[in-house]
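Read through the structure below, which is laid out as structure tokens, and then see the notes.
The values are calculated or read from the model by the stated rules, or taken from the named source; none is laboratory data. Nothing here was measured: the structure is a model prediction, and the numbers come from that model. Neighbour counts run over all protein chains shown; Cβ positions are idealised from the backbone, glycine included. Side chains included, ligands, DNA and RNA excluded: accessible areas come from the protein's heavy atoms. Shrake-Rupley method; radii C 1.70, N 1.55, O 1.52, S 1.80 Å.
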Amino acid sequence: MQFVKTRFNYLFNSTKGLILVAIALISVVTAVWGMLSGPMAEMGVREIVIKTLGMDIVQVEREGRIVILYHSIAMGIIAIETYMVTGLLRMKSYFKTTINLLITVGYMLALIFGLGFAYFGHNWALHGLYITGLSLIFFAGVLLCVALWPWNKEYYIEDKDYARTKSGFDLERAAFFTTAVTTVISALFGAIPGSYYGNGFENFLAENVIRYPEKTVMQYSIIGHLHIMLALIAVMITLIIGRWLNFKGAWHKVAMPLMILGCIVLNLGVWGVVTPLQPVAHMVIYVGATPSMLAALFLLIWSWNKFAKEGTAHIAKPTFLQKLGAMVSDPLKFGPTWQMLFMNFTTSGIGIFMAIRLEQIFRVWPAREERIELTGHWHALSAIIATIILMYYGDMIGLKGKVRQLYGWSIIILSDIALAGVTIFEMKRLFVSEAEQQPLVNGLMYAMDFGLAMLLVLVAVVMVWRLTDLFKKKGRWTEEVSHELAREVAK
Amino acid sequence: MKRLILTFILSAALLASCAPADLNAPMPAYETGVDANAWANVPAGEFYFGQHAKVETTAAYEIMITDVTAQQYADFLDAALADGYVRLDGKRIVGFYPGDVFRGVKHEEKIDAGDWLFIPLDDPSQRIKFDGSAFSVQAGYENHPMTSVTWFGAWGYCDYYGYRLPSEMEWEKAARGTDQRPFPWGDDVLRENANFYSSRDPFEDMSSFGSRTSPVGFYNGMNYDGYQTLDSASPYGLYDMAGNVWQWTGDVYEGMHYRFMRGGSKDVYDMDLRLWVRNNATPTYFSPGVGFRCVR
């Protein structure tokens, strides 16, 4: 009994344990449900998975199933980010405990019963528990906003290295707070139309209503919801990485106000799509996205400069190559910001290119081609966020030496191969015709499948290692029980 | 040594990706026994429209039981060229279209009255050939659906014979009948039901040229040299209403120049073969995966 109690305490009562559980659950869902589509479906693996697991797949309900699947995975990611925030930022311990408890129960209910309802028959009790889970996550978010309240004098800071006002108001905390508040509000942006569309039975995928000149308010709301939620998850992970790396100095002082401003404007633009301001909403969104992305760029500049300086501190006059070597010497710390940069090729760059050449190129292609770009670019962004979390997690569990190098570089290289493949696949019509595309498509599929499959194998290896570790009396988990992320922030 | 092997494998994969697809690879020829000149009666009345099964009504009409074949289109071009309905414009066949009302809605483009592209003759995937005096079909493709035809080319064919393209509602009713089935033949899809991406039909080779069209009416329950198909006709006896080629429909919607296609094709996964799935493109778009049929 003591054996179970101590492990349970680690897994559900420590930040690192909670993150481990969430990563494990998401990995299992990704691996299993990834076999239901794409090349796995082509090879016939889908039928085997459906039969083996006893799934009840009805053609007409595909859109509803996918919406629940996306939510199940996203809720796990939001839980991980919340654990990181409660672990990194100062807050009352009862807030931390309650938030973590609510969100843990919430995402598990949403994931387990959501997928149960969507893929294993429609037992309405499962749907009720799924909605209960989402509601608990929402309340955890509200509580997180209260816990992060930046005007609480207790959380004012004196260190002038960080972005703050003269009175000591912590602008980084304010950025976390802004992101949390806007996330909670934007969640309603999906919840309300979700209810309107009858518990998912009359829903749709946003990529299927592109090009329609008339959209309903509810359709706009859902399109806005999915865009802003992913953007806010990305903003939050950027802030988390900044806190982990101990982002400070002049760049920090510029970045944090930009992050707050960008986040607010971005959200106003998205919320504006359901108001009479809809015609200008896109412009507002661009205006908001720019300062947010600039803030991320400043984190990148500051961190790369820091790695280069610290890594060559022992050399009197380091050369460019020595600085470069130092900069990339720790893939787990270099990786997250590299992935943010890489995102510009796979997501932002594609988005901007599409916006600029929409009429000349993309709207000449059939809608199904445009849908590939749309779904591809946000899958790529989601994958990038996942890899950033995995890299931070690698540092969290104390990977060192060659294992750290192997783990870090594998994540970077494998994911970037896959994402480069996805990006070229999205854009293939620019350089190959429909009739002649198959050899290129095959090559790209190999790249994507190789990258993603190997990445999942890597995560599986780590998960198996962590699982076996739990059976050891004095495993690594015993150290992690008391570790807190705030104490492990870079110097 | 390991690095060398890895580099070799990666280079080989890369080179294989750059190899050109053979668009004229041998095509197995099969007679399906389905008459491409036949029409089906669809009675007036209510039916379930769209994914969420909204009840709609149509008047009675007749619809072709197969897509227009490449041979039928070649015959049309011969006749239409002779009487001036279409003309040769360089390497293109063009014809007159009376134009759409332009409302200046965002992203809307003007479709003025004038000559528009029916089919390109120089596209590598075009199966219609012109020798300067007559049109012919590349051998093996005679009973395949006409592809690489623009919406104007589809509209022109139907108009020439006094027919028209089906509206989306007419198309869906003809495919679905009066119940709520997601596929013309029923509730689920198997590889032997239709020609879709990686459906392992006798015409595709995913390792080289990929998916290709199948003869119209191919999925009629016949056995072709050991390849057993399932009879996949719609309740009104139409073939290929799911898969093979997307089919242009005739609706011109207010404020948009896009034209809609239905039915999915050889190039999409089975989920896009569901009867309510829509695709759209500019009316000048053509592709080896897009064809049409007419109503009257």
- Note on the structure: Yeah, segment B:48-108 with a ≥ b ≥ c from its alpha-carbon gyration tensor (a/c under 1.5 is rounded, else prolate when a/b outruns b/c, oblate otherwise) is oblate
- At a 1.4 Å probe, which residues in segment A:320-365 are at least 50 Å² less accessible with all protein chains present than in their chain isolated? A:E359, A:R363
- Message: So if I average 1/r over every pair of distinct C-alpha atoms in the protein assembly as shown and take the inverse, what Kirkwood radius in Å does that give?
- Response: 28.8 Å
- Quote to one decimal, in nm, the extra length available between A:I301 and A:W149 on full extension: 0.36 nm per residue of separation minus the C-alpha distance between them. 51.8 nm
- Message: Out of the total accessible area of the protein assembly as shown (probe 1.4 Å, heavy atoms of protein only), what percent is carbon and sulfur?
- Response: 65 percent
- Round to a whole angstrom and tell me the spacing of the C-alpha centers of segment B:46-124 and segment B:180-237. 25 Å
- Simple label model, 7 Å out from Cα along Cβ direction - A:Q405 to B:D231, nm: 6.8 nm
- Message: Suppose the Debye formula is applied to equal point scatterers at every Cα of segment A:160-302; what is log10 I(q)/I(0) at q = 0.18, 0.21, 0.22 Å⁻¹?
- Response: -0.96, -1.18, -1.26
- Task: Compute the FRET efficiency between A:L277 and A:H379 as 1/(1 + (r/R0)^6), taking r as their Cβ-Cβ distance and R0 = 35 Å, and round to the nearest 0.05.
- Result: 0.75
- Message: Are there any residues in segment A:29-58 with a reduction of at least 30 Å² in accessible surface when going from the isolated chain to the assembly of protein chains? Probe 1.4 Å, please list them by number.
- Response: A:E42, A:R46
- Computed over segment A:169-322: relative contact order in percent, which uses C-alpha pairs under 8 Å that are six or more apart: 26 percent
- Of the peptides A:324-335, B:91-102, how do they stack up when ordered by the mean number of other Cβ atoms within 10 Å, highest first? A:324-335, B:91-102
- Quote to one decimal, in nm, the extra length available between A:T468 and A:E202 on full extension: 0.36 nm per residue of separation minus the C-alpha distance between them. 91.3 nm
- Item | Mean separation of Cα contacts under 8 Å, 6 or more apart, over the residue count of chain A: relative contact order % | 16 percent
- Those trypsin sites (Lys or Arg not before Pro) from segment A:83-180 that are DSSP loop and have at most 12 other Cβ neighbours within 10 Å turn out to be A:K92, A:K160, A:K166
- Message: Please list, in order along segment B:112-119, the HN-Hα scalar couplings obtained from phi with the Karplus expression 6.51 cos²θ - 1.76 cosθ + 1.60 (θ = phi - 60°), rounded to whole Hz, x for Gly and Pro.
- Response: 7, 5, x, 7, 10, 5, 8, 9
- Is segment A:88-225 rounded, prolate or oblate when judged by the Cα gyration tensor, a ≥ b ≥ c being the square roots of its eigenvalues, rounded requiring a/c under 1.5 and prolate requiring a/b larger than b/c? oblate
- Describe numerically, in nm with one decimal, the distance between label points set 7 Å from Cα along Cα→Cβ at A:V217 and at A:W124. 2.8 nm
- Message: With only alpha-carbon pairs counted, each pair once and no self-pairs, how large is the Kirkwood hydrodynamic radius of segment B:181-288 in angstroms?
- Response: 14.4 Å
- Message: Please enumerate, by chain and number, the aspartates and glutamates with C-alpha under 12 Å from the C-alpha of B:K91, excluding those fewer than 8 residues away in the same chain.
- Response: B:D122, B:D123, B:D131
- Check cross-link reach from A:K402 to the lysines: straight Cα distance under 27 Å, and skip same-chain residues fewer than eight apart. A:K16, A:K306, A:K309, A:K323, A:K333, A:K472, A:K473, A:K474, A:K491, B:K2
- Per residue of chain B, what 222 nm ellipticity follows from adding -39500 (n - 2.57) for every DSSP H run with n ≥ 4, rounded to the nearest 500? -5000 deg cm²/dmol
- Query: What percent do you get for the relative contact order of chain B when only Cα pairs under 8 Å and 6+ apart count?
  - Reply: 22 percent
- Note on the structure: So for segment B:56-291, using the alpha carbon gyration tensor with a ≥ b ≥ c as root eigenvalues (a/c under 1.5 gives rounded; past that, a/b versus b/c decides prolate or oblate), I'd call it oblate
- Rounded to the nearest 100 Å², the accessible area buried between A and B, both sides, probe 1.4 Å, is 3400 Å²
- Label-point separation in nm, B:K106 to B:K129, each point 7 Å along Cα→Cβ: 4.9 nm
- Query: Can you work out the FRET efficiency for the pair A:L53 and B:E192, with r the C-beta to C-beta distance and R0 = 22 Å, to the nearest 0.05?
  - Reply: 0.35
- Query: How high is the FRET efficiency from B:M169 to B:H52, r the C-beta distance, R0 22 Å, rounded to 0.05?
  - Reply: 0.90
